[in-house]
Amino acid sequence: MNQDRNNLLTRRDILRGYVTVLERTGELLQVCASVDGDAAAARSAVAEAFSVAR
């Protein structure tokens, strides 16, 4: 039961991150365009810009 609750909380956090990014798509595009590097660097930059956990 505790594992189910943890899974639900994790899913909620993921959805919260998606909503945050979708509400600020212009900023998302700027962050991605400014990154030099690979996908990992882009993920880190997005996580930092939007204060979401990786």
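Roughly how many Å² is the accessible area per residue of the chain, as a whole number, for a 1.4 Å probe?
On a per-residue basis, 83 Å².
Out of G37, Y18, F50, whose Cα points farthest toward the positive end of the dipole of the chain (charges: +1 Lys, Arg; -1 Asp, Glu; placed on Cβ)? It is Y18, whose Cα lies furthest towards the positive end. When nucleic acids and ligands are ignored and a 1.4 Å probe is applied, R43 ends up with an accessible area of around 140 Å².
With every protein chain in place and a 1.4 angstrom probe, the accessible-area ranking of S51, S34, S44, largest first, reads S51, S34, S44. Modelled label positions at Y18 and A41, each set 7 Å beyond Cα in the direction of Cβ, lie 2.9 nm from each other. Computed in the context of the full set of protein chains, the accessible area of the chain at 1.4 Å probe radius has 54% of its extent on carbon or sulfur. The angle between the Cα long axis of helix 2-23 and the main principal axis of the chain comes to about 30°, on a 0 to 90 degree scale.
Shape analysis of the chain yields a ratio of the Cα radius of gyration to the Kirkwood radius, Rg/Rh, of 1.10. Helical content alone sets the calculated 222 nm signal of the chain at -26000 deg cm²/dmol, taking -39,500 (n - 2.57) per DSSP H segment of four or more residues and averaging over every residue.
The values are calculated or read from the model by the stated rules, or taken from the named source; none is laboratory data. This is a predicted model, so every value here is computed, not measured. Here Cβ is always computed from backbone atoms with ideal geometry, including for glycine, and neighbour counts include all displayed protein chains. Side chains are part of the model used for accessible areas, which takes the heavy atoms of the whole protein and leaves out ligands, DNA and RNA. Shrake-Rupley method; radii C 1.70, N 1.55, O 1.52, S 1.80 Å.
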